[in-house]
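Taking it in order: structure first as structure tokens, then the write-up.
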Amino acid sequence: MTDTNSFTEVMTEWTHLFMRRSMRDFHEFMRGWGLSMPQVSTLFRLHYRGGCGISDIAQQLGVSNPAASQMVDRLEQQGLVERVVHPADRRVRMVQLTEKGHSLVKEGIDVRLRWISDLTRMLSPDQQETIVIALAALTDAARRMEIDKEEREE
């Protein structure tokens, strides 16, 4: 049986390694496109949540609306986003990903996760099964924590 300190140490080491390794290739990929972290953050926000207004982007990034608008201009020049008329209110303009933008985000995700496939090949089937069971338990516990937190906040 593993003591709590050993578990915490192993989890901390794994988390640091996982984040560092999974993000390294991703950052290199995005830098190859000449994108800053705020630009990448905006692309991912649009990918996962859909179109939004400039003020939403500004709020997410903690910048002014003009600064967010300039950043969106640069993404638009690269063909990654477009400004479109809001379907419910023609006076409002929305920012959304283009097909090129969606493809770039998906490719970035693939690059980020590719090393997990390489890592998997280094483990035996028995090791993989043990890890699947452990990570499923860990994921379940983390989800319960999130639900508990949300319930306390309501």
query: Hey, among VAL63, VAL85, which residue is over 23 Å from PHE26 (Cβ atoms), among the hydrophobic types (A, V, I, L, M, F, W, C), in the same structural domain as HIS27 (by TED's automatic domain parsing) and surrounded by fewer than 16 Cβ atoms within 10 Å (Cβ to Cβ)?
result: VAL85
query: From the list GLU99, GLU154, GLU146, GLU129, which residue is more than 26 Å from ASP25 (Cα to Cα), loosely packed, with under 12 Cβ neighbours inside 10 Å and at pLDDT 95 or above?
result: GLU129
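Quick grid of which residues meet (1) among the charged types (D, E, K, R); (2) under 23 Å from ARG74 (Cα atoms); (3) within 13 Å of the chain's Cα centre (by Cα):
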site	(1), (2), (3)
PHE7	no, no, no
VAL10	no, no, no
ARG24	yes, no, no
MET30	no, yes, yes
GLY34	no, yes, no
VAL40	no, yes, yes
LEU43	no, yes, yes
query: Can you find even one residue in segment 66-78 that is modelled with pLDDT of 95 or more and touching a Gly at 6+ places or on another chain (Cβ under 6 Å)?
result: no
query: Which number in (1) within 30 Å of ARG21 (Cα to Cα); (2) surrounded by 15 or more Cβ atoms within 10 Å (Cβ to Cβ) marks the one condition that SER69 misses?
result: (1)
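The values are calculated or read from the model by the stated rules, or taken from the named source; none is laboratory data. Small disclaimer: the values here were computed from a predicted structure and weren't measured. Virtual Cβ from ideal backbone geometry, glycine too; neighbours counted across all protein chains shown.
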